[in-house]
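Below: one structure, written as structure tokens.
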Amino acid sequence: IGDDMQNSFSTDLNDFFNQRGFPTAIINRSVFWSYPEPDNIYEVLERSTGRINYGLEISSSTNGNDLDLEIRAGFAEDLSGVKLVVFILEDNIKAHQSNYTSYYGGVETLLGFTHNGVLKYSVTNVFGDDISSAIGIHSHSYEVNLARLGINKIEQIDILAMLLNENGQVINAQKANI
């Protein structure tokens with residue numbers, strides 16, 4: 001918050017979740033993960049059980065500075081109120097990082113810290129776009145100009161797609177390299 005990695009997309013999410021500092025993890029967009037997170041891994045595991053009848057596939061290609069995305073959402077049962085979220089994430093961003101934890105030996109400022117999974121751009125609304133969730137496979141295509149986003153190294157980019165239920169909770173997510 002308040003650094004060069006902040007953008008309108010991360011601000012919208014921070015405001016919605018009343019997020020005022022890091023590190024913070026929110027499980028399934030609904031539950032704050034208790035600190036210290038590595039000691040509380042059960043909080044994630046207890047929410048990641050069962051079978052699902054819907055899935056996601058991410059396909060991508062580049063043509064110059066343009067990234068073409070195809071997100072396919074498949075449903076084996078009818079659902080209502082489903083939304084699709086698609087983010088462009090960037091890895092390997094080097095920046096100083098304030099540290100308010102005992103992690104990294106409790107050092108106050110981590111010099112040249114490597115940030116991964118930084119939200120660079122939201123292809124959809126950060127809270128999701130309404131999509132058809134009738135039984136079948138539904139394709140959603142997008143084109144993103146990477147140069148306009150200041151992205152020069154496509155090997156540092158990932159695509160994250162999420163299906164959200166009518167309550168805004170994640171019901172499926174996939175991450176893929178370009």
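Assign one of three labels to the range 91-144, namely rounded, prolate or oblate, based on the Cα gyration tensor with a ≥ b ≥ c the square roots of its eigenvalues; rounded applies when a/c is under 1.5, prolate when it is not and a/b is larger than b/c, and oblate otherwise. Present the calculation step by step, with values, prior to reporting the outcome.
On the way: a/c = 4.19, a/b = 2.89, b/c = 1.45.
Prolate.
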Practice item. Express the C-alpha Rg of the range 38-132 as a ratio against the empirical globular expectation 2.2 N^0.38 Å, rounded to two decimals. Key: 1.50
Point to revise | Value at 222 nm in deg cm²/dmol, rounded to 500, when DSSP H runs of n ≥ 4 in the chain each add -39,500 (n - 2.57) | key: -1500 deg cm²/dmol
Study note, to complete from the structure: Projecting the Cα atoms of LEU119, HIS140, ALA76 onto the charge dipole of the range 76-147, where Lys and Arg contribute +1 and Asp and Glu -1 at Cβ, the residue farthest towards the positive end is LEU119
Review point. Of the residues VAL31, VAL118, VAL126, which exhibits the maximal mean-square fluctuation in a Gaussian network model of the chain defined by a 10 Å Cα contact cut-off?
Key: VAL31
Review point. So how long is each side of the chain along the principal axes, counting just the alpha-carbon atoms, biggest first, in Å?
Key: 52, 43, 24
Exercise for review: In nm, give the distance between the simple-model label positions of GLN174 and SER80, each being 7 Å from the Cα along the Cα-to-Cβ direction.
Suggested key: 2.7
Review point. Going by the alpha-carbon gyration tensor, a ≥ b ≥ c the square roots of its eigenvalues, is the range 98-178 rounded (a/c under 1.5) or, if a/c is not under 1.5, prolate (a/b greater than b/c) versus oblate?
Key: oblate
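Which whole-number percent gives the relative contact order of the range 85-178, counting Cα pairs below 8 Å spaced six or more residues apart? Provide the component values of the computation, followed by the final result.
Numbers: 146 pairs, mean separation 31.1, N = 94.
About 33 percent, as a whole number.
Give the peptides 37-45, 54-62 in descending order of average Cβ contacts within 10 Å, highest first. Don't skip to the end; give the middle numbers.
Values: 37-45: 11.3, 54-62: 15.1.
Peptide ranking by packing, descending: 54-62, 37-45.
No lab work stands behind these numbers, since they all come straight from the coordinates. Keep in mind that this is a model prediction, so the values were computed, not measured. Every residue, glycine among them, receives a Cβ derived from its backbone with ideal geometry; neighbour counts consider all protein chains shown.
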